[in-house]
Amino acid sequence: MRTHDPDIRTRLVAWLGSRPESGRILHEVWIPFSHLRADVVEVNGSLTAFEIKSGADDLSRLREQTASFVKMFDHVTVVCDPRHTGGVLAISPPSCDVIEVAGDRDKFQMVRPAEAKTSPESWLQLRLLWRTELAKAATSAGIDPRRCTRGELRDRLLSVVPAAAISGLVREALRTRNLSDRRFGRRP
C-alpha cells in the first residue's frame, strides 16, 4: 500500500511527542530565500527539520530541500517510504538522518544516522523571527529596537550576539510564539 504525507505526518508527530526530549512541533515552516517549507520542525534544545517523502511523492526537489535545510537547522531528517530509501540515501547529504517508515507504518527505523551535526547560519535563522521577537531579543542584548527596521535589528544582533546564543534565542522565540492568530510562515 502506498503511503501519503498526512499518514506519515500524523504518525511522525505522535512518535516525536512520545519521546522524553520532545519539543514544540511546527508544521510547514518557511525557509527564507527559497520557495521551500520544511514539513515538520521540532523545537527543543535544537531545531530539527523533518522532510517527509511518502510513497506518493517523488524525489525531484529533495536535493534542493536538504541543501536549504542544513543551512537553517541544527539537524535534518528525511522520513521516507521504503520505496524511496535508496534514492533518499543517494540524494541527501551525509549530514542528514534518513528514517524509513517501517512495516506496519506506525514505526520508524533509522537507516542512516547523520555523520555530523550541521552548523546553521545565524543570519538565516534570524530571518525566522517576527519583528516583535527581534525587538525583544535586541532589548535583551542591550540594543534599542526603536526606529530600527527588521534588517537593522538582525544586523545589530549579529554584531553583538555570538552564533550559539542566536540559535538559542531563535529556538526560544519559536518555542513561545503564539500561533493562535497567525500562520507560522507569515511575517507580521
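The values are calculated or read from the model by the stated rules, or taken from the named source; none is laboratory data. This structure is a prediction, so every number in the text was calculated from the model and none was measured. Methodologically, a virtual Cβ is constructed for each residue, glycine included, from the backbone with ideal geometry; neighbour enumeration extends over all protein chains shown.
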Considering only the stretch 29-53, state which residues are small (Gly, Ala, Ser), touching a strand residue (DSSP E or B) at 6+ places or on another chain (Cβ under 9 Å) and surrounded by fewer than 20 Cβ atoms within 10 Å (Cβ to Cβ).
46
Picking from 98, 88, 13, 76, which residue would you name as being at pLDDT 95 or above, closer than 20 Å to residue 175 by Cα and either in contact with a helix residue (DSSP H, G or I) (Cβ under 8 Å, 6 or more places away or on another chain) or not in a loop (DSSP other than H, G, I, E, B) (or both)?
76
Select from the stretch 39-67 the residues that are hydrophobic (A, V, I, L, M, F, W, C) and either farther than 16 Å from residue 129 by Cα or not in a strand (DSSP E or B) (or both) and write down the one among them that is farthest from the chain's Cα centre (by Cα).
56
Residue list for the stretch 16-38, restricted to those being part of a loop (DSSP other than H, G, I, E, B) and not aromatic (Phe, Trp, Tyr)
19, 20, 21, 22, 23, 32, 34, 35
Restrict the check to the stretch 19-31 and report whether at least one residue is of a type in the set (D, E, K, R) and without any contact (Cβ under 8 Å) to a residue 24 or more places away in the chain.
yes
Please give the number of the condition residue 72 fails out of (1) surrounded by 20 or more Cβ atoms within 10 Å (Cβ to Cβ); (2) more than 24 Å from residue 7 (Cβ to Cβ); (3) without any contact (Cβ under 8 Å) to a residue 40 or more places away in the chain.
(3)
Complete set of residues in the stretch 2-28 that are under 17 Å from residue 77 (Cα atoms), of a type in the set (S, T, N, Q) and surrounded by 13 or more Cβ atoms within 10 Å (Cβ to Cβ)
22
